[in-house]
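The values are calculated or read from the model by the stated rules, or taken from the named source; none is laboratory data. For clarity, every value in this text was computed on a predicted model and none was experimentally measured. Virtual Cβ from ideal backbone geometry, glycine too; neighbours counted across all protein chains shown. With ligands, DNA and RNA removed, areas are computed over all heavy atoms of the protein, side chains included. Shrake-Rupley method; radii C 1.70, N 1.55, O 1.52, S 1.80 Å.
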2 protein chains.
Amino acid sequence: MKKRISVLGSTGSIGTQTLDVIRHHPDRFEAVVLAASGSRIDLLIEQALEFRPKWVAVAREELAGALERQLPDGIRVAAGEAGLAQVAAEAGADIVVSAIVGTAGLVPTLAAVGAGIPVALANKESLVAAGHLVMAEAAAKGVPIVPVDSEHSAIFQCLNGEPRGAIDKLILTASGGAFRNRSREELTDVTPDEALRHPNWAMGAKVTIDSATLANKGLEVMEAHWLFGVPFDAIDVLLHDESVIHSMVQFADGSVMAQLGTPDMRIPIQYALTWPDRLDSPARRLDLAEIGRLHFRRADFARFPMLRLAYEAGRTGGTLPAVFNAANETAVQLFLQRKIRFLQIEEIVERVMEAHRIEPHPDLDGVLGADRHAREAVLSLVSG
Amino acid sequence: MKKRISVLGSTGSIGTQTLDVIRHHPDRFEAVVLAASGSRIDLLIEQALEFRPKWVAVAREELAGALERQLPDGIRVAAGEAGLAQVAAEAGADIVVSAIVGTAGLVPTLAAVGAGIPVALANKESLVAAGHLVMAEAAAKGVPIVPVDSEHSAIFQCLNGEPRGAIDKLILTASGGAFRNRSREELTDVTPDEALRHPNWAMGAKVTIDSATLANKGLEVMEAHWLFGVPFDAIDVLLHDESVIHSMVQFADGSVMAQLGTPDMRIPIQYALTWPDRLDSPARRLDLAEIGRLHFRRADFARFPMLRLAYEAGRTGGTLPAVFNAANETAVQLFLQRKIRFLQIEEIVERVMEAHRIEPHPDLDGVLGADRHAREAVLSLVSG
């Protein structure tokens with residue numbers, strides 16, 4: 001029996017690599033849903049013609065007609081937020097890869113979990129902003145949430161066969177991004193082009209900026225908290241230049257388990273699809289003798305204020321993590337558009353977090369409302 | 001229920017650390033047997049008075065009387081090889097820690113396995129010389145063999161919850177010992193005192209010399225072959241100066257799992273006793289930021305001929321691994337006694353291996369006979 005996979009966000013970085021994994025194992029996997037925002041509609045059509053899913057879904061409703069015209073009869077088309085949520089829940093998948101970027105990924109993720117379908121989770125917002133909702137629903141339905149992020153996949157692998165009660169702490173590694181060897185003073189005038197030169201991974205622009213501020217690591221700390229049920233005091237961040245150790249778990253006996261690999265996202269994506277089994281992969285093998293040295297440094301809250309703010313948001317909970325995430329995303333866009341300077345990202349996020357009136361137990365509407373308000377607050381701060 | 005533990009080799013390095021683990025968890029563990037060679041009889045008596053086991057056993061029969069006089073009535077005394085084998089099999093233990101050094105550990109290990117008692121294995125000879133006998137007996141009785149060596153414990157931990165069929169290769173790390181930064185030319189005149197300065201671990205003299213020649217790693221390659229059922233082509237050795245990563249497993253998907261920790265043998269000893277659970281431990285925690293850097297290099301057969309000879313012995317099998325081990329042990333003693341030079345160790349082992357007539361499927365007597373002949377061959381080579 002082939003595993004039937006729904007790929008939400010099929011035209012993005014994680015989505016295309018998920019399809020590459022499926023392509024390498026045609027006897028094991030088949031794509032039953034391809035869903036995307038619609039920003040790369042030609043690629044979505046091309047994918048549909050190659051993988052012949054049951055459903056193709058597009059977030060932008062106005063593109064539904066074009067899809068229907070260009071796809072053969074056997075492939076059904078859904079559109080809009082409701083269409084995405086529907087195919088996530090109803091297409092008969094064995095697992096849903098949730099890789100839509102941003103808040104738009106939240107509703108389809110919840111729909112899949114609500115329908116009792118295991119989720120391979122790449123969408124950060126689902127756990128950062130709505131971890132309390134997603135994990136409660138997953139627990140109620142007995143649905144596994146398997147991480148796709150390299151760090152969380154590493155921790156997930158380190159926990160294989162281990163007693164959960166014996167976790168001492170999680171150690172998330174961070175490359176430190178493009179500016180890891182600069183002091184704060186040297187960050188005043190950095191440009192988007194400089195910030196986009198990530199030392200190890202090829203990723204989208206937003207994530208690459210988040211790597212340089214460690215906002216990304218802060219979001220991952222919050223995700224780890226929800227995924228593994230570990231308090232924030234038991235989650236450490238360690239700067240590790242080479243991104244070879246993807247993360248670690250220290251246990252009660254002092255033993256530390258780590259997962260390592262080359263920087264190829266197909267490894268954690270495939271693991272999420274095969275867990276608890278493993279299949280062969282075309283990913284390049286790790287050669288530590290060739291690499292020679294691995295470096296480690298402490299992640300300093302004074303040097304990386306976004307990490308401090310993320311821990312603060314995570315510990316406080318309620319709507320504050322959604323605000324941290326939305327304010328950061330908006331500020332990063334403004335930086336990429338050259339409307340603010342690099343160090344203003346953290347300044348703006350902190351001000352928006354301070355001004356936010358926290359709702360301690362928000363429902364989905366409460367989370368989405370806090371997200372919207374935070375974005376508006378950033379824009380009004382900058383235009384004002 | 002406390003776990004009842006037999007400690008064979010209680011006065012040695014692994015034995016005393018095993019008792020330290022038991023001492024830290026008096027509610028979890030109790031020592032039911034303490035057995036030792038008798039070379040440190042005062043320590044054995046002291047241990048018996050502290051831990052109050054059911055049995056104390058001593059290999060040197062002439063010491064039985066002294067033990068009986070000095071121990072209280074509740075503690076029974078056994079002596080000789082037969083006495084050790086008897087208490088290993090019959091003392092009602094839940095697990096036997098096999099930590100007698102050398103070939104003397106083989107018979108009691110087989111006795112415990114034959115009696116269906118799980119073994120925490122530190123005695124190398126049991127697997128190097130008689131892996132085919134020990135593993136066949138363990139399989140027949142359904143008895144787990146849990147490794148105590150830090151490298152094999154690391155691999156054992158990396159395999160937790162993993163499909164055995166997905167192992168791509170085992171990667172044993174090696175510090176490289178005292179002379180790792182010297183060329184072969186610089187080894188001509190090294191003294192035992194220089195060879196005994198191990199950079200990371202405090203161990204006995206023989207093991208420390210074996211670290212410098214990589215004979216120790218060669219023995220571990222053979223142990224790993226038997227413990228994990230992995231062919232020699234799928235076992236790599238990687239030089240890693242800091243001994244922080246204790247060993248690794250690369251899986252079919254390119255993912256590498258590693259176990260790390262401070263150089264404290266109480267961690268793997270305790271794990272062998274608690275597996276699959278973990279308990280807290282007084283071992284110092286690993287601090288990678290403080291360590292800063294980890295280094296890796298290839299282990300070169302030309303630089304470390306003992307490693308090449310060990311692979312050759314392992315691949316050939318039969319009595320050759322016993323010969324490799326016994327010839328090495330004897331040659332190392334001669335080096336420590338300043339009767340041969342450092343580089344003669346490998347020269348002698350190779351000559352004895354070449355002269356040996358291999359018995360392909362030896363029984364226990366065949367293994368012990370090959371061991372004796374190899375020792376005699378070394379001595380006659382040197383005196384001749």
| request: Could you name the residue in chain B with the C-beta closest to the rotation axis that superposes chain B on chain A, along with the separation in whole Å? | output: B:Gly161, 1
| remark: Under Stokes-Einstein, chain A at 25 °C and 0.890 mPa s, with its Kirkwood radius over C-alpha pairs, diffuses with a coefficient in µm²/s of 115
| Pairwise FRET efficiency - A:Ser383 versus A:Ala140, Cβ, R0 = 35 Å, nearest 0.05 | 0.25
| Rg over Rh, two decimals, region B:80-132 (C-alpha only, Kirkwood Rh) | 0.92
| query | To the nearest 20 debye, what is the magnitude of the charge dipole of region B:241-366 about its Cα centre, counting +1 on the Cβ of each Lys and Arg and -1 on the Cβ of each Asp and Glu? | reply | 420
| note | Computed from every Cα-Cα pair in region B:100-209, P(r) in 10 Å bins starting at 0 and rounded to whole percents is 12, 32, 31, 19, 6, 0
| Once Rh is set to the Kirkwood radius over Cα pairs, what Stokes-Einstein translational diffusion coefficient, in µm²/s, holds for the protein assembly as shown at a temperature of 20 °C and a viscosity of 1.002 mPa s? | 75
| Once you charge only the Cβ atoms, +1 for Lys and Arg and -1 for Asp and Glu, what is the size of the charge dipole of the protein assembly as shown about its Cα centre, to the nearest 20 debye? | 200
| task | Whenever you get a sec, line up A:Glu81, A:Glu220, A:Glu346 from highest to lowest accessible area (probe 1.4 Å, protein heavy atoms). | result | A:Glu81, A:Glu346, A:Glu220
| field | Largest-first principal axis extents of the Cα set of region B:106-167 (Å) | value | 32, 23, 18
| note | With the charge dipole of region B:240-384 built from beta-carbon charges (+1 for Lys and Arg, -1 for Asp and Glu) about the Cα centre, the Cα from B:Met306, B:Ala252, B:Ala370 projecting farthest to the positive end belongs to B:Met306
| said: Once R0 is set to 25 Å, what does the formula 1/(1 + (r/R0)^6) return for the Cβ-Cβ distance between A:Arg341 and A:Asp287, expressed as a FRET efficiency to the nearest 0.05? | reply: 0.05
| remark: Taking the label point 7 Å from Cα along the Cα-Cβ vector, the copy-to-copy distances for A:Arg23, listed from shortest in nm with one decimal, are 6.2
| query | For B:Trp226, what accessible area in Å² do you get when you roll a 1.4 Å probe over the heavy atoms of the protein chains, rounding to the nearest 10? | reply | 80
| field | Long-range tail of P(r) for region A:335-384 (Cα pairs > 19 Å, %) | value | 31
| task | Please quote Rg/Rh for region A:139-186 to two decimal places, taking the Kirkwood radius as Rh and restricting both calculations to Cα atoms. | result | 1.17
| Hey, how many Å between the Cα centroid of region A:291-328 and the Cα centroid of region B:165-234? | 41
| said: If each label sits 7 angstrom from Cα along the C-beta direction, how far apart, in nm, is A:Asn160 from its counterparts in the other copies? | reply: 1.2
| task | Please quote Rg/Rh for region A:38-120 to two decimal places, taking the Kirkwood radius as Rh and restricting both calculations to Cα atoms. | result | 0.95
| message | Rounded to two decimals, what is the ratio between the C-alpha radius of gyration of region B:284-384 and 2.2 N^0.38 Å? | response | 1.35
| message | Can you work out the Karplus-derived ³J(HN,Hα) for every residue in region A:178-183? Use 6.51 cos²θ - 1.76 cosθ + 1.60 with θ = phi - 60°, whole Hz, and x for glycine or proline. | response | 5, 10, 4, 9, 10, 7
| chain B - percent relative contact order, Cα under 8 Å, separation 6 or more | 14
| note | Counting only protein heavy atoms and leaving out ligands, DNA and RNA, the solvent-accessible surface of B:Met353 at a 1.4 Å probe, in Å² to the nearest 10, equals 10
| field | Links that overshoot a 23 Å alpha carbon limit, given the list B:Lys124/B:Lys206; B:Lys3/B:Lys141; A:Lys54/A:Lys206 | value | A:Lys54/A:Lys206
| request: Work out how far the C-alpha atoms of region B:186-228 reach from end to end along every principal axis, then list the three figures in whole Å, largest first. | output: 37, 22, 14
| Going from the alpha-carbon gyration tensor of region A:12-157, what semi-axes, largest first and in whole Å, does one get by taking the root of 5 times each eigenvalue? | 24, 17, 14
| message | Suppose you put the label 7 Å out from Cα in the Cβ direction; list, shortest first and in nm with one decimal, how far A:Asp287 is from each other copy's label. | response | 3.6
